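Shown next, in structure tokens, is the structure this report addresses.
No value in this document is a laboratory result; all are computed from the given coordinates. Keep in mind the model is a prediction, meaning the values are calculated, not measured. As a convention, Cβ positions derive from the backbone with ideal geometry for all residues, glycine included, and neighbour counts pool all protein chains shown.
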Amino acid sequence: MSNAPLMPKATAVWLVENTSLTFDQIADFCKLHPLEVKGIADGEVAAGIKGHDPITSNQLTRDEIARGEGNSAYRLQLARSKVSLPEVKKPRGPRYTPLSRRQDRPNAILWLVRNHPELKDAQIMRLVGTTKATLQAVRERTHWNSASLAPMDPVTLGLCSQMDLDFEVGRANKDRPQQPDQGATLMPAEITTGPRAYEEEAQPSAESLFGSRPSAPREEEEEIDVASVFAKLKSLKRDDED
């Protein structure tokens, strides 16, 4: 009925009384049955309904009516509105959970409480479609079936979509205060902009450019004179021969 006029019967009454359009044309434009339009013309249908002019309401033009009166096979076209109305969004009501899935709500609540502690109670209630009392009972382990509960992903159970879960988690993380970064931090301004920093920057040392040279092993520092060793050995041999 999106292509029908606002008041179909009242519009049909006006077209029957003020135009020479055929019953089929009026019925097609008003989305009515031809016999119902014939009953309007005979006074048997819509006797107490006042005709509505579709021209004043910008639903039909005079040229369109004249074109239809000149050709009985022509089908009237509803005039397009020049004003674009915004789409009315339906208010989001409570989530409906099928009967076969309602027994899985406590398991989904337990999963959300353990894996996403940042979620608020209202967010968990929206995702799972549960009540405050059931949520508190699962959280405090006072639920009548606490011993048999097992954490299960609500997306896998079909209680909510992954998009809804990601949206609620993102909102919860956004509302949480940001934790200070424990990683590397910048040096204070008095150190990086002090006179010593400019001196070191103007005259960079070799160590600052290439790094410190690794210290040589102790064995390499003490060089051994091979010739003196052999000379001592020869002198000792001569003394033994003498």
**Report entry** Subset of the stretch 64-81 (residues that are in contact with a helix residue (DSSP H, G or I) (Cβ under 7 Å, 6 or more places away or on another chain), exposed (fewer than 14 other Cβ atoms within 10 Å of the Cβ) and either aliphatic (A, V, I, L, M) or in a helix (DSSP H, G or I) (or both))
**Finding:** none
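Quick grid of which residues meet (1) in contact with a helix residue (DSSP H, G or I) (Cβ under 6 Å, 6 or more places away or on another chain); (2) within 21 Å of R67 (Cβ to Cβ); (3) buried (at least 19 other Cβ atoms within 10 Å of the Cβ):
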site: A4; (1), (2), (3): no, yes, no
site: K9; (1), (2), (3): no, no, no
site: T22; (1), (2), (3): no, yes, no
site: Q25; (1), (2), (3): yes, yes, yes
site: P34; (1), (2), (3): yes, yes, no
site: A41; (1), (2), (3): yes, no, no
Report summary line: How many residues of the stretch 20-63 are of a type outside the set (K, R) and either assigned to a helix (DSSP H, G or I) or in contact with a strand residue (DSSP E or B) (Cβ under 6 Å, 6 or more places away or on another chain) (or both)? The answer is 17
